[in-house]
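Visitor: Got a structure for you, questions after.
The values are calculated or read from the model by the stated rules, or taken from the named source; none is laboratory data. Keep in mind it's a predicted model, so treat the numbers as computed, not measured. Cβ coordinates were reconstructed from backbone atoms using ideal geometry, including for glycine residues, and neighbour counts include every protein chain displayed. Ligands, DNA and RNA are excluded from the accessible area calculation, which covers all protein heavy atoms including side chains. Shrake-Rupley method; radii C 1.70, N 1.55, O 1.52, S 1.80 Å.
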Amino acid sequence: MQSCKKTKRSFSIVKYVEFSLNEKGEPIGYGDTVAIEYYSKGVLKKKIMYDSVSGKRRTKKEVEYSSNGKEATYSFEIEHTLANKTEIERDSNGNIAMMKMYELNSTDTSILLYKNMYKKGNFILQSEVWDNTSNSLKMVLDYEYDSNDRIISMRTLTVTDAARVLQSVEKYAYDSKGNKVQEIVENPVEGSVRKRVYKYGSENNILNEALFDGAQLVYEITYSYEGGMKKEAVYTSGLKKKKIIFKYE
């Protein structure tokens, strides 16, 4: 593989490998690989994520995109056997109108349907999750936006016998450049609050990401760049560290 030194769109495939690090900061094992394939001009075509045991693939997650860069299908394999699949249908504006989710055991029968409603053609207002077997509404997601049409909250409600119970509230905050700087997830059922915080550089490249459970730090990721592109990322969680190295073709 060769490094991309010109522009962000002068490559067709990007691969990076994530390694666990020992206490000396040395890579452990074979690492997990992510391969991203593009159409021309940087439009996503396929993203494949797989882990390795003794150099052999154990699990594989794959996302396929249409020629306009929109997600079309998701699939997940375990030991080279397809476990589940999601198909996406879009409206004339390219929005997700419906998602069909499959569990692939003996038959390919969709078990869940996601139905979405939008405002202004592109901003989702509400998403409904239906059980396709019983044709019953199971969950509702409501969205709220600010004056700049940026999502600022999402509420998740479960539906049981026509009663709706609030399960979680997600809140988002942005800086003056429109970068998302904070996500807060409140779970009233469990009484928990999780917060993810982002920090950016002068070129709006993300430099740091941290997740908190209440006041406790769960993990932190720091990023470094070269030529305006990600070079490395270091993941820290307690005493555990992982390094991600980005390569471009």
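Visitor: Tell me, yes or no, whether the stretch 202-212 has at least one residue that is at pLDDT 90 or above and among the hydroxyl-bearing types (S, T, Y).
Guide: No, the conditions are met nowhere in the stretch 202-212.
Visitor: Under the condition of being modelled with pLDDT under 85 and among the charged types (D, E, K, R), which residue from the stretch 38-72 is farthest from E249 (Cα to Cα)?
Guide: Restricting to residues being modelled with pLDDT under 85 and among the charged types (D, E, K, R), the top hit is R58.
Visitor: Considering only residues that are open to solvent by 60 Å² or more (accessible area, probe 1.4 Å) and in contact with a strand residue (DSSP E or B) (Cβ under 7 Å, 6 or more places away or on another chain), which ones fall in the stretch 226-239?
Guide: Residues satisfying the conditions are K230, K231, Y235.
Visitor: Suppose we filter E128, E186, E232, E170 for residues that are touching a residue at least 12 places away in the same chain (Cβ under 8 Å) and closer than 23 Å to V34 by Cβ; which single one remains?
Guide: It is E232.
Visitor: What number of residues in the stretch 54-88 are surrounded by fewer than 13 Cβ atoms within 10 Å (Cβ to Cβ) and either of a type in the set (S, T, Y) or under 25 Å from Y39 (Cα atoms) (or both)? Walk me through how you get there before you give the answer.
Guide: Quick first cut of the stretch 54-88, residues surrounded by fewer than 13 Cβ atoms within 10 Å (Cβ to Cβ) only: 54-56, 67-68, 78-81.
Filter once more, so that each one left must be either of a type in the set (S, T, Y) or under 25 Å from Y39 (Cα atoms) (or both): 54, 67-68, 81.
Count: 4.
Visitor: Under the condition of being charged (D, E, K, R) and in a strand (DSSP E or B), which residue from the stretch 158-174 is nearest to D142 (Cα to Cα)?
Guide: By that ranking, first place goes to E170.
Visitor: Turning to a different aspect of this structure: State the number of residues belonging to the stretch 22-37 that are modelled with pLDDT of 80 or more and either part of a helix (DSSP H, G or I) or open to solvent by less than 50 Å² (accessible area, probe 1.4 Å) (or both).
Guide: Qualifying residue count, the stretch 22-37: 4.
Visitor: I've got another one for you. Conditions first: (1) at pLDDT below 80; (2) among the polar types (S, T, N, Q); (3) surrounded by 13 or more Cβ atoms within 10 Å (Cβ to Cβ). S127 passes all but one, so which condition is the exception?
Guide: (1)
Visitor: Going by the conditions given, is K177 within 30 Å of V14 (Cβ to Cβ), assigned to a strand (DSSP E or B) and either touching a strand residue (DSSP E or B) at 6+ places or on another chain (Cβ under 9 Å) or of a type outside the set (F, W, Y) (or both)?
Guide: When the stated conditions are applied, K177 does not pass them.
Visitor: Would you call T158 over 20 Å from the mean Cα position of the chain (by Cα) and either exposed (fewer than 15 other Cβ atoms within 10 Å of the Cβ) or small (G, A, S) (or both)?
Guide: Numbers: over 20 Å from the mean Cα position of the chain (by Cα): yes; either exposed (fewer than 15 other Cβ atoms within 10 Å of the Cβ) or small (G, A, S) (or both): no.
No, not satisfied.
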